[in-house]
Structure formats: C-alpha cells, structure tokens
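Only one structure is covered here, and it is reproduced in the block below.
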Amino acid sequence: MSQANLSSVDMFRDHPALGFVDWCLRGVGQVVFQNNPLSGLIILLALFFNSWIYGLVCIAGVVAATLMALALQADRGLVRDGLFGFNGALVTLALVAFTSANFRVGHVPSGWMVVYLLFAAAMTAVVFQSLSALLAPYRISALTAPFVLTGWLFLFAVLKFASIEAGPLAKPVSPEQYDAAVAYVLPTWYMGIGNAIGQIFFQDNWISGYLIILGIAVNSRISAGMALIGAAVAALVAALFGGPEGAIRDGLFGYNAALTAIALGGFFLVLTWRSFLYALFGVVISTWLWASIAIFLKPIGMPVLTSTFVLVTWLMLLGQYGFRALVPVPPAEATTPEDNMRRHRSAPAAQVSRD
Amino acid sequence: MSQANLSSVDMFRDHPALGFVDWCLRGVGQVVFQNNPLSGLIILLALFFNSWIYGLVCIAGVVAATLMALALQADRGLVRDGLFGFNGALVTLALVAFTSANFRVGHVPSGWMVVYLLFAAAMTAVVFQSLSALLAPYRISALTAPFVLTGWLFLFAVLKFASIEAGPLAKPVSPEQYDAAVAYVLPTWYMGIGNAIGQIFFQDNWISGYLIILGIAVNSRISAGMALIGAAVAALVAALFGGPEGAIRDGLFGYNAALTAIALGGFFLVLTWRSFLYALFGVVISTWLWASIAIFLKPIGMPVLTSTFVLVTWLMLLGQYGFRALVPVPPAEATTPEDNMRRHRSAPAAQVSRD
Amino acid sequence: MSQANLSSVDMFRDHPALGFVDWCLRGVGQVVFQNNPLSGLIILLALFFNSWIYGLVCIAGVVAATLMALALQADRGLVRDGLFGFNGALVTLALVAFTSANFRVGHVPSGWMVVYLLFAAAMTAVVFQSLSALLAPYRISALTAPFVLTGWLFLFAVLKFASIEAGPLAKPVSPEQYDAAVAYVLPTWYMGIGNAIGQIFFQDNWISGYLIILGIAVNSRISAGMALIGAAVAALVAALFGGPEGAIRDGLFGYNAALTAIALGGFFLVLTWRSFLYALFGVVISTWLWASIAIFLKPIGMPVLTSTFVLVTWLMLLGQYGFRALVPVPPAEATTPEDNMRRHRSAPAAQVSRD
C-alpha cells in the first residue's frame, strides 16, 4: 500500500464524528484481515445483497463490541483498527443464522434475543483482550477464537431458554448430513468457491462470496488471491477424498481453508515459495479437519464455526520462530501481504545468514 | 480489616499444635475467597447442619490436600493461607455427592472409595501448584479449576469400577431435566438464593446457604453482599429468560454467578462503580453459560461443578491489564474487598493519569 | 552413560549418509524416552516381530515427520535427537491400527490413505514445534501430545471420507466393552504387563512388549525397570478396584501408566525415594484416569491414545519448581535417569540448603 493510498484509506480514522463509523467498517473488514473501511463497506453491502437482516445484525454486533471496548478504555489503536469489532460481528451473525428457521436469509430476532445478542457481542471484546494477553508471549494473534468460544457458549444456552424463540439447527453442520451419491458438476466448483467465501460470514450465497472477494481485493490482491486459492484447493481435496457434493457446493469444506490461506499466505508469514507451500499444506489440513471437527461436534449439535481455521493457523504459527525456512511477521506489524513483503525486502538480509 | 482484627484472626496461624487446624479451616473459607479460620469454621458448621457426612467428607478433603502440600514441601505461606486445601474439600464433597443415592445428605463412602477420595484430594494440591505455575505470567488465580479438572476426571472413572459402589447421578445436572411449566412463587426466590450459596459446597439446603453467607460476612461484608447480589441477579435473569422454576429454586443458575460476583466484585478488581457494573455483566454471563455448559455436558452425564465461574472469571480477568477502566488486584495482594479499596485509596493516584 | 558408551552410541549421528537413519531410529526410541539408535532398532524389530505392516508403517511415519522438520529448517540438534520423528511414528501406527479390520496385525493402507498418513506424520513435526514453543516458559516437554492431538483430529475425518476404506473401530476402547465377570488368572498378569508395553506402539502382542523393554534396557536399566513397575502397579490397582480382566490382560490400564512411570521415575525428576513415591502416585492416577478418559471418549468412538499419560505427567511436572521435595531436570538436560542422578550428585549441594 503506497503512502498516498494509505492516507486516503485513513482519512476518517481520526474524524471526531465519522471515526466510529470508520472503526466499525474496519471491524467488518478485519474478519478477513483487511484493516480498511472500504473493504468493510463492500463486504457489508455483500451481506445486504443476500439479506437485509444479516446486514443489520452484522452492524449491531460490530457496534456493540466496539462500544464495549471503548467503555472499558481498551487500547485506542486496536479499537481504531477494528480489532475489537470483528468477533462481535461474527457472533451476532452466527447466533441469528443458527437460530433461524431459514438459514439463508435469517429471521428478525425477538426482544430478549436482541439483549442476548448484544451481550454476546460485548463479551467478545472482553474475550479478545483476554486471548490477546494469553497469546502475547507467543506473538500470535487471537484470530477469530473470541468469536468461536463465545459463539459456542452462547449457542448452547440460547436453544434452551423458553423466552427465546429458537428452532433446531436448520443448516447441516457435518458432511454426514449430505447425500454421498450426488455427482460433481460445473456449479459444484464455481458455486462452491463463492459459497466458501460467503460462509465466512454465514452467507449461503455464492454471489455475495465473490463480492466479499472484491472487498478484500481493494485492500490486498494477494489476500484476495489466497482466499480464492484456499477455497479452490479445499474443494479439490474434498472431491479427491470423496467428500459429498452438497457440502462442497455449500462451501463448507472451504471457508476455514480460505481463512487459513489468507492468514498463512503472506499476512502472518512473508510470502515466499516456501511459505506458499506451507500455506497450501495448511489449506489441505484445514479441509480435512473441518470434516473431523464437524463429526466431533455433531452429537451435541454444534456447528464448527471457524474453529478449524483457528486451530490449524495457531498450530502452524506457534512454532514459526523455530523454523528458519519461514519469515514470521508479528501480529503488531502485519498489515497486508504486499506491505509485509516490501518491508522484508528493504530490511538488511539478516535472515539469510542465520544458518 | 483493621490491624487489631487481623491479629485476632491470625492468632493460631503459627501455633505449633493448632496451626494445622487453622490452615485447614482457612482452606474451607478459601472456597469463597475468605482467608479466615472463623469463616471456615462457620461454613463447616453450616455443612454439619445439613449432614454430618458432608461435614466429615469436607474435613477429610481439606486435610488430605494440605498434607500432600506439606509432604511435597510446597510454599509455606500458601499452605498457611489454606490455598492448597480448598480444592481438596470441594473434590471430596463432589465425589460423595454425585455418587450417593441421596444427593441431599450423602452416603458414607466404602473403604475403596475413601482411598479414591483421598488420592483425588491429594491430586488437587498437585494441580493447584501446576495451574498456578501456568497462570503466574498472567497474574490471575487458579480459582477452583483444580477442583473442576480433578473432579471431572475422577467422577468419570468412579462410576465404572466394580469395587466402588456408585449409583447413577441422582441430582439433575441440566435445566432440561426440570419441568418447564411450574410457576415462580415466593420460595423460588428466598430458597433459590440460599440454595445457590449452598450449592457452592453441594449443599441442597437453603438455610445452610444463609449460614455460609454469615461465615463470609465475618471476614468481609462486601463479599457477603456480592454473593447475595450474584445469586439474586442470577435468579432474576434466569426467570426473565424463562428458565425452569425448579432449577432456579435449587440454586443451580446461581452458584457460579455468586462466585463470579465475589471474585470480580472487589476481590480481584478494586470495587468502583465501573468494576461493579463489570461484575454484574459477569454475573449475567455466568447465569446463561451455566445453562450452556450444563447442556453441553449432559450427554456424558457430567455435572457443571464450578466450571462456568472459572471460565467466565478467567476470561474477564485475563484481559484486565488492557482495560484502563478497571483497577486490577494481583492474586498475591488480594485480601478482602475492603482492604483492597483502602490500599488503592492510600496509593498515589498513578492510575488516573495514565490516559 | 559413560563417555566410551556415548561415543559408540553416537557413531552415526553426524554421518553424511547414515545420519538420517540414525535420527529416525532415535525417533522410534524417543517414544519411550530413549535417545539411542540401538533402542530404536530393537523396538522396530519388536514391531516387525508382530507385523511387517506395522514395522513399515512406523518407518514411514518417523521418516515423513523427520523430513518435514528438515524441510522447515528446524533446530538441527532436536532433529538429530529424533525429537521430531517420534510423534510421526505414533500417528501413522494409530491411524492404521484403528482403521484396520484386524487391529492385531493391521492392513495395508490404500493409496489415498498413504497420502493422508504422510500428511498426518508431517503435521506432527509442526505441532511438536508449536507445543514446544507453548511449553518453553514452563520448562516441560511436549511429550506425545503432538501425536495425541494430530491423531484424534485425523482419526475423526478418516472414518468419513469415501475414498478411504475404513471399518469401524475394531478394538475395544473402554473398560465397559469387556466382560466384567471373568476371573483374574496367571496370564492376566504376565501378558497384561507385556501387552501394556506393546500398546504404547499399538502392538497387541505381549512378547513384542518384552522385546521393547529390552530395547529400553540397552539405553537405561532404570527406565526399563520403571516401565515394568508402571505396568505392574497399573494391573494391580485395576484389579483391586475391580477392573475387567480382559482390559487388564490387553494392557489397556497399563500403557499410560508405564509411560508416566518412565517420565516421572528418573527422567524429568532426579530419582530419589521421594520422587519414586511421587512417580508411583502418578502411576495410580494414570491407571484410574485411563478409565475415566476412555469412558469420556467412548460416545464419540475415539480411543484414549496416550492422552492420560500426557495429562497426568504435565500436571505433575508443571508445578515441580514449587515443590522443594522434588529435584526437576529441565527437558533440555534430561538424558537418562542414570545420567541425571550422576550429574545431580556431582553438583554443589545447592538444593539441600534451600529450606
């Protein structure tokens, strides 16, 4: 990102009135690692394109989490980068998606449910700070773990309180729930890839998925490319190993893989041929382990959310400082893959002489 | 706590013969954060008031864990504060409660079961040291996690060894097991609050609960007040969200919430209006998440124990040093809410000028 | 280990051509804490004695994991000590054992399954580095946790991909699956002890078990003795508490206990009478908790693997620096119990004067 580009992206970051809007839009973008309000805006429009309910629910979540962080006087820099907001956006989307009779468009939550959603979103801000403190000595990011943890905990209870109207999970959550005999066809692939990106935001809409890719691309073409590669490789691997067509077309094998691809493909590791292969390794592992975690969670009726992405990415980044084949980028310095590469190239070649 | 008061409380702490009794009584008090042998004595009497079996079982647990810590030459200061004992008391109580045909009064354990109980209690001393080492860099306490972890692990196995007579879990462990159609009445509230305090020690006896409150109050009125507020708010929230009357009256929604209220309400955070609201936030979350964890554990027939309190309190304290709205009290300095406040007020106003 | 012995053991460690073979044989030995290629070779022969399939599968796993570590340019010293290989050997053995119709001898994996196995083994090298980074501040070892974690995650998914032929788990994984009415006889004991050692490598063959003991003994007689004591005490405790004969004879109560005995009995703690009693305490706990974790995992059809050993040993070592009755040996300094004792005795008596 050039300095000129940076300044236009950051024009509202410190604005007295529009600053808060800017931070919340960045929060939407941070779900896919894009610290850019324009990315957030495009992604939000992609949600509204699929369902105005999800669009509003996403706004409510990111606003509640960001307000909680402000009320607790959290670090201003992190708040303005949208880092307190993105888990809030995800948790409200997940809670509405998995308690709606119609997963695709969602339903309008009841009054008590709104209270519950806003508390859950606020809790993600607390959990984000907690997990960040826990992970600080290891220089890795909390990723979407605050959302996964809060989401699971709040999803269990919501299904049992009489005052909250909630149906059974309307969406299949495991590959076993799909017909194994359906043949792969052309739409398996182009819809599967789009849906995988959409599923990151619980959008069962492949066009929304490609719009989200556009939102990523305005900030980082490498990240957009890695997201597509992640989703495509996941679909391919799932097919090679005989995964059911419906689950591939719905993007279920791919949404964790796409996030793993963005995280490892240039964002937290400087992009080189070695780290690209490492990211592909992570994509393949994420594809298999989505199935694994889905099967593990199915008896208790809980969706995988982005737990596979969090687990695989943590496992592949925790040991990064011990592998000299990789060039780590600490979370506080990670901006975009393009920017990470530029900084690494201009740095003295200290890495090379280590062995 | 004044100096005069302190010295009378500590009169037996270094006594050659009575010292060990003092440390064990403090162990009983530490379950509810009261480092005071008189608190421990009153709580023990509250247990005997309900059932002499539970009274003796509690003594066996706190003694075994404290002896294990002495045998391993653990830190003397921690042993004398009762910190190695309280998880031992809880684990023996839990194992007897959940293997008795009559949950309310318990049954006398068999010979092999006594061996098993004492090993479990001794193990909590090891686990307390382990978790304390694990959490030391983050300056948070192990809380009752050694009890929860050891309790779960030992409860599973006990149900399957032929030499140990154990019935199925006699006590409902999840809100689903209660009739949803019963109306809330006056005893729902006063019995529910008392039972919530009693359930911390597995006592299904609301009068014992209020006696335990008395035991807390002799050491800290703020802690006693927070315990009542926690239990009452939990009952209210559970009712607003349509929780079953039986579970509210049995105090099941409230015992984790009461512990969260004590921990966050002045003990590990200096009590201010902001931290009071933060504690209330934690109480509401604990109420919901008790239901959540209960539903999660029910398929494997495992009770929640105090896992919700541990989880919520850890999540809300881990990030405390990142929230300038809060004034943390490191575990080694936490005494009573009153004392924490006094020390904070007399300290130079360093906190205020940080922003 | 004398210097003369050391040099003969290490003769191929830096050999340009045979070095890799040496590292992989050490990898096999490291499963039971023996950094010695001869130990690895004898253990490998013990596997071939039971089944050539398991012998080859073990080689494939240790080679894949070691190659992954080399490709990622991991620490050379750790690679040469076989520390990146042992979890790879275990994960391929486990995946083949639990997907074979005949657990005892295994079946030859299909082409896609071989790809899957090699990725799983490579992943253990990544996870080993990650967990080592996570545990470094606490100076404890990752043990077989990379195997357990990767094994569980890969076992779930393998059962559901259509391209991988996999039957249901052919081996009982919980004490409940054995007949409770069978009487204990002489073979219960000598076969039970041998099988417990064999089960560490998934070998249902008591003679292989005693061959593995021989492999341990060429490097450390104390470790070999502790393994036998661990397995024997586990069988005794299981019988006293009424565990089923079949599970005792199959060595299921004993394989975690044997590993705990090696780890605590001289390897990570200098062997003294106190630490010997501490190790026995750990053996008893491991015996019970194997049953506990087996019962916990049974509803989802997952085997315990060596999770009990990892959990108990971590819990008993994490707090070691807080117990003055114990003399810890940090992982980087742990060689053999004999060597640890010798170094401790020749060190200035700093430990003694601490209290």
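The values are calculated or read from the model by the stated rules, or taken from the named source; none is laboratory data. Not measured: the values here are computed from a predicted model. All Cβ positions, glycine included, derive from the backbone under ideal geometry; neighbour counts span all protein chains shown.
Values as computed for the structure displayed
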quantity: Lone qualifier among C:F267, C:F276, C:F241 - being more than 18 Å from C:M316 (Cβ to Cβ), in contact with a helix residue (DSSP H, G or I) (Cβ under 8 Å, 6 or more places away or on another chain) and among the hydrophobic types (A, V, I, L, M, F, W, C); calculated: C:F241
quantity: Selection status of A:A71, buried (at least 24 other Cβ atoms within 10 Å of the Cβ), assigned by TED's automatic domain parsing to the domain that holds A:V108 and either in contact with a Cys (Cβ under 9 Å, 6 or more places away or on another chain) or not basic (K, R) (or both); calculated: no
quantity: Residue match in the range A:145-166 (condition: at pLDDT 95 or above, of a type outside the set (A, V, I, L, M) and not in a helix (DSSP H, G or I)); calculated: no
quantity: Unique residue being touching a Gly at 6+ places or on another chain (Cβ under 9 Å) and either at pLDDT 95 or above or buried (at least 24 other Cβ atoms within 10 Å of the Cβ) (or both) when the list is B:L236, B:L228, B:L252; calculated: B:L252
quantity: A:L271 being more than 9 Å from chain C (Cβ to nearest Cβ) and either in a loop (DSSP other than H, G, I, E, B) or over 20 Å from C:Q73 (Cβ atoms) (or both); calculated: yes
quantity: For C:N87: the one exception among (1) within 14 Å of another protein chain (Cβ to nearest Cβ); (2) part of a helix (DSSP H, G or I); (3) farther than 21 Å from C:G209 by Cα; calculated: (3)
quantity: Filter result (part of a helix (DSSP H, G or I), in contact (Cβ under 8 Å) with a residue 24 or more places away in the chain and under 23 Å from A:R104 (Cβ atoms)) within the range A:205-227; calculated: A:W206, A:I207, A:S208, A:G209, A:L211, A:I212, A:L214, A:G215, A:I216, A:A227
quantity: Selection count, the range B:115-139, where residues are more than 8 Å from chain C (Cβ to nearest Cβ) and either closer than 20 Å to B:W152 by Cβ or touching a Leu at 6+ places or on another chain (Cβ under 8 Å) (or both); calculated: 9
quantity: Single residue of the range A:292-301 satisfying the filter (without any contact (Cβ under 8 Å) to a residue 24 or more places away in the chain and facing chain C (nearest Cβ under 7 Å)) that is farthest from the chain's Cα centre (by Cα); calculated: A:P299
quantity: In the range B:242-268, residue nearest to the chain's Cα centre (by Cα) [restricted to those that are closer than 27 Å to B:R139 by Cα, assigned to a helix (DSSP H, G or I) and not small (G, A, S)]; calculated: B:L259
quantity: Positions within the range C:272-291 being farther than 19 Å from C:G242 by Cα and within 17 Å of the chain's Cα centre (by Cα), in sequence order; calculated: C:A279, C:G282
quantity: Output for the range B:18-65, where each listed residue is within 14 Å of chain C (Cβ to nearest Cβ) and under 17 Å from the mean Cα position of the chain (by Cα); calculated: B:A65
quantity: A:A181, sole failed condition from (1) more than 11 Å from every other protein chain (Cβ to nearest Cβ); (2) at pLDDT below 95; calculated: (1)
quantity: Close pairs (6 angstrom Cβ cut-off, 6 or more residues apart or separate chains): more than 17 Å from A:L289 (Cβ to Cβ) in the range A:242-268, among the β-branched types (V, I, T) anywhere; calculated: A:E245/A:V182; A:E245/A:T188; A:R249/A:T188; A:G266/A:I222; A:F268/A:V329
quantity: Single residue of the range C:192-204 satisfying the filter (in a loop (DSSP other than H, G, I, E, B) and closer than 18 Å to C:G40 by Cα) that is farthest from the chain's Cα centre (by Cα); calculated: C:Q203
quantity: Pairs with Cβ under 6 Å, 6+ apart, first in the range B:315-327 and more than 7 Å from chain A (Cβ to nearest Cβ), second part of a loop (DSSP other than H, G, I, E, B) and at pLDDT 95 or above; calculated: B:L317/B:I140; B:L317/B:F268; B:Q320/B:L326; B:V327/B:V270
quantity: Any hit, the range B:302-312, residues being part of a helix (DSSP H, G or I), at the interface with chain A (Cβ under 9 Å from one of its Cβ atoms), among the small types (G, A, S) and within 19 Å of the chain's Cα centre (by Cα); calculated: no
quantity: Residue within the range B:15-24 that is modelled with pLDDT of 95 or more, crowded, with 18+ Cβ neighbours inside 10 Å and within 21 Å of B:F147 (Cβ to Cβ) present; calculated: yes
quantity: Check on A:R342, over 15 Å from A:L264 (Cβ atoms), at pLDDT 95 or above and either in the same structural domain as A:L83 (by TED's automatic domain parsing) or not in a helix (DSSP H, G or I) (or both); calculated: no
quantity: Some residue of the range C:280-290 being outside any helix (DSSP H, G or I), more than 9 Å from chain B (Cβ to nearest Cβ) and either in contact (Cβ under 8 Å) with a residue 60 or more places away in the chain or surrounded by fewer than 21 Cβ atoms within 10 Å (Cβ to Cβ) (or both); calculated: no
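Conditions (1) outside the structural domain of A:T260 (by TED's automatic domain parsing); (2) hydrophobic (A, V, I, L, M, F, W, C); (3) buried (at least 23 other Cβ atoms within 10 Å of the Cβ); (4) closer than 29 Å to B:S286 by Cα, marked per residue:
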| position | (1), (2), (3), (4) |
| --- | --- |
| A:N36 | yes, no, yes, no |
| A:L78 | yes, yes, no, yes |
| A:N87 | yes, no, yes, yes |
| A:V105 | yes, yes, no, no |
| A:V108 | yes, yes, no, yes |
| A:Y116 | yes, no, yes, yes |
| A:A133 | yes, yes, no, yes |
| A:L143 | yes, yes, yes, yes |
